[in-house]
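Read through the structure below, which is laid out as structure tokens, and then see the notes.
The values are calculated or read from the model by the stated rules, or taken from the named source; none is laboratory data. Note that this is a predicted model, so its numbers are computed, not measured. Here the Cβ is made from the backbone with ideal geometry for all residues, glycine too, and neighbour counts use every protein chain on show. Quick note on the areas: whole protein, heavy atoms, side chains included, nothing else; ligands and nucleic acids left out. Shrake-Rupley method; radii C 1.70, N 1.55, O 1.52, S 1.80 Å.
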Amino acid sequence: MGKPPISPYPPDPDEDAAPVTELAGELVDAVVEDVDWANGQARGLAMRRVELHRARLTGAELAESALSDVAFVDCRLDLAGLRMAKLERVVFRDCRMGECDFYEATLTDVLFENCELREATFDRVKLKRVELRGCDLLGLQGVESLRGARMPWNDALANGPLFAAALGIEIVD
């Protein structure tokens, strides 16, 4: 039986740190709230010990980014591109992530909790200690790449048709 993901380390922001307003370069030890970074271009972004609350990242390009010890809470990442990104100790909680692209990403110690992942792309993703809890996976692409992920029994049952289709199993009455 696999082990649960390791939780992210919390940020340790400076008391006099200016609020983060730009999605670029490197974000370290920051708590970011209520920003609109929709369609932002931040290829190769580095985030360490960051919490994002109610951030809008719809269509943001974060390909080849390195995210470690990051929490996304109540964020919008629909249509976001995380192709070939490296995620370590990352939590996505209550996020809308429809059509999010994780193609060839490496996910280690990642938790998706109560996220909408409809039609998200997980093709050729590498997973280690990844858990999906209460997530909507309808139309998810690359289901076979979820091999080794953890999921509550009720979630596995709810997504049975998706898993059966990926295995070529025909469901009959």
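Data table
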{"read-out": "First in region 147-165 and without any contact (Cβ under 8 Å) to a residue 12 or more places away in the chain and over 20 Å from K128 (Cβ atoms), second anywhere and part of a loop (DSSP other than H, G, I, E, B) and open to solvent by 30 Å² or more (accessible area, probe 1.4 Å), Cβ under 7 Å, 6 or more apart", "value": "P161/I171; A164/I171"}
{"read-out": "Only one of P8, P4 that is under 22 Å from E113 (Cα atoms), open to solvent by 60 Å² or more (accessible area, probe 1.4 Å) and not in a strand (DSSP E or B)", "value": "P4"}
{"read-out": "All positions within region 70-90 that are closer than 23 Å to I6 by Cβ and open to solvent by 10 Å² or more (accessible area, probe 1.4 Å)", "value": "A71, V73, D74, M84, K86, E88, R89"}
{"read-out": "Check on D173, open to solvent by 50 Å² or more (accessible area, probe 1.4 Å) and at negative phi", "value": "yes"}
{"read-out": "Test: L138 is of a type in the set (A, V, I, L, M), open to solvent by 70 Å² or more (accessible area, probe 1.4 Å) and assigned to a helix (DSSP H, G or I)", "value": "no"}
{"read-out": "Within region 19-33, considering residues that are closer than 11 Å to L45 by Cα and part of a loop (DSSP other than H, G, I, E, B), the one least open to solvent (accessible area, probe 1.4 Å)", "value": "L23"}
{"read-out": "Members of region 87-125 that are free of Cβ contacts under 8 Å to residues at least 60 places away in the same chain, more than 21 Å from A38 (Cα to Cα), part of a strand (DSSP E or B) and among the charged types (D, E, K, R)", "value": "E88, E113"}
